[in-house]
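Chemist: Take this structure, written in structure tokens, and hold onto it; I'll ask about it next.
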Amino acid sequence: MSSGYELYYWPGLQGRGEFVRLAFVEAGVEFMEVIDKSNVPKLLSLIKEGTLEGKPISHLPLAPPILKHGDVVIAQTAAILLYLGSKLNLAPADEADKIWAHQIQLTITDFVLEIHNTHHPVDNAKYYEDQKEEAKAYAKSFREGRLPKFLGYFERILERNPKGPNHLVGDSITTEDLALFQVVTGLLYAFPKAAKRVLGNVPRVAALHKAVGERPRIKAYVEGDKRIPFNQTGLFRYYPELDD
């Protein structure tokens, strides 16, 4: 039986859609992803015209990922995960903890943008090669300052969790744990030298990454053929000259 969830994202990219996919994978909930190239016009009509299946929608998305669930249409990764968390049993039960978890998710969103900017620090519409020198300078600053700052922050969150250091919030897995797992995995791909060096100073973050990666459904998904590989058109990109 279909769950009724539809995810819209660009074909061939993990991108920000991967944070949503991991939530469905961990929960064991089927969803339909509109990723075939033949469906790109449907996605474009959503973000350019605000129409879905020929009908106008009032909650206009600016860009994917976009989730459709019945009459509900949601854009922005953090908003989608806020919506899915309780439905997939991947959110704290306590209201204050839900807000705290969402705050963490928004911080992860900020971190992801800074990671993206390491290869596109000037103009998203231009190629990496057109801003390579600026990217080198930005990436150096990121490796030396922002990378340890963000991972250190998540380390402190784990250290101060009243329920123990195994999760960012509470004592069971949440979409925030899954999101941090994805970020660390992407960093190890894009910045293998710098990421490994910084992870040596944040053992709780490293342990969470390992633990999430060993969860049966996540492990099967990551090692299987359904997961889109990291590539040089995605959010996390590997350029040797940006790593150190």
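The values are calculated or read from the model by the stated rules, or taken from the named source; none is laboratory data. Note that the structure is predicted; figures quoted are calculated from it, not measured. Positions of Cβ are generated from backbone atoms using ideal geometry, with glycine treated the same way; all protein chains shown enter the neighbour counts. Surface accessibility is based on the protein's heavy atoms, side chains included, excluding ligands, DNA and RNA. Shrake-Rupley method; radii C 1.70, N 1.55, O 1.52, S 1.80 Å.
Chemist: Mind listing whichever residues of the stretch 149-171 are in a helix (DSSP H, G or I) and open to solvent by 50 Å² or more (accessible area, probe 1.4 Å)?
Modeler: Selection gives Lys149, Tyr153, Arg156, Glu159, Arg160.
Chemist: Restricted to the stretch 195-238, and to residues that are open to solvent by less than 60 Å² (accessible area, probe 1.4 Å), in contact with a helix residue (DSSP H, G or I) (Cβ under 7 Å, 6 or more places away or on another chain) and part of a loop (DSSP other than H, G, I, E, B), which residue is nearest to Ser172 (Cα to Cα)?
Modeler: By that ranking, first place goes to Val202.
Chemist: Which one of the conditions (1) within 19 Å of Tyr138 (Cβ to Cβ); (2) modelled with pLDDT of 95 or more does Gly234 fail to meet, given that it meets all the rest?
Modeler: The single condition Gly234 does not satisfy is (2).
Chemist: Given the conditions (1) hydroxyl-bearing (Ser, Thr, Tyr); (2) closer than 28 Å to His209 by Cβ; (3) in contact with a Ser or Thr (Cβ under 8 Å, 6 or more places away or on another chain), and given that Thr51 satisfies all but one, which numbered condition is not satisfied?
Modeler: Tallying (1) hydroxyl-bearing (Ser, Thr, Tyr); (2) closer than 28 Å to His209 by Cβ; (3) in contact with a Ser or Thr (Cβ under 8 Å, 6 or more places away or on another chain), Thr51 fails exactly one: (2).
Residue-wise test of (1) among the β-branched types (Val, Ile, Thr); (2) under 20 Å from the mean Cα position of the chain (by Cα).
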{"residue": "Ile57", "(1), (2)": "yes, no"}
{"residue": "Asp71", "(1), (2)": "no, no"}
{"residue": "Ala78", "(1), (2)": "no, yes"}
{"residue": "Ala91", "(1), (2)": "no, yes"}
{"residue": "Lys98", "(1), (2)": "no, yes"}
{"residue": "Gln105", "(1), (2)": "no, yes"}
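Chemist: Report, by residue number, each residue of the stretch 109-131 that is under 23 Å from Glu176 (Cα atoms) and surrounded by fewer than 16 Cβ atoms within 10 Å (Cβ to Cβ).
Modeler: Within the stretch 109-131, Asp110, Leu113 meet the criteria.
Chemist: If you don't mind, there's one more thing I want to ask. Against the conditions (1) open to solvent by 40 Å² or more (accessible area, probe 1.4 Å); (2) in contact with an Asp or Glu (Cβ under 6 Å, 6 or more places away or on another chain), where does Leu7 fall short? Just the number, please.
Modeler: With respect to (1) open to solvent by 40 Å² or more (accessible area, probe 1.4 Å); (2) in contact with an Asp or Glu (Cβ under 6 Å, 6 or more places away or on another chain), Leu7 is out only on (1).
Chemist: Of all residues in the stretch 160-218, count the ones that are of a type in the set (Asp, Glu) and under 15 Å from Lys149 (Cα atoms).
Modeler: 0
Chemist: Pairs needed: first member in the stretch 92-103, under 17 Å from Leu158 (Cα atoms); second member anywhere, at pLDDT 95 or above and among the β-branched types (Val, Ile, Thr); C-beta distance under 7 Å; at least 6 residues apart or different chains.
Modeler: Pro92/Val169; Pro92/Thr174; Asp97/Val169; Trp100/Val169; Ala101/Val169; Ala101/Thr174
Chemist: Restricting to the stretch 172-194, give me the number of residues that are part of a helix (DSSP H, G or I), closer than 28 Å to Pro92 by Cβ and open to solvent by less than 20 Å² (accessible area, probe 1.4 Å).
Modeler: Residues that pass the stated criteria total 12.
Chemist: Output the residues belonging to the stretch 188-240 that are in contact with a Phe, Trp or Tyr (Cβ under 8 Å, 6 or more places away or on another chain) and among the hydroxyl-bearing types (Ser, Thr, Tyr).
Modeler: Tyr189, Tyr238, Tyr239
Chemist: In the stretch 24-38, is there at least one residue being more than 24 Å from Phe230 (Cα to Cα) and touching an Asp or Glu at 6+ places or on another chain (Cβ under 8 Å)?
Modeler: The answer is no, given that none of the residues of the stretch 24-38 is more than 24 Å from Phe230 (Cα to Cα) and touching an Asp or Glu at 6+ places or on another chain (Cβ under 8 Å).
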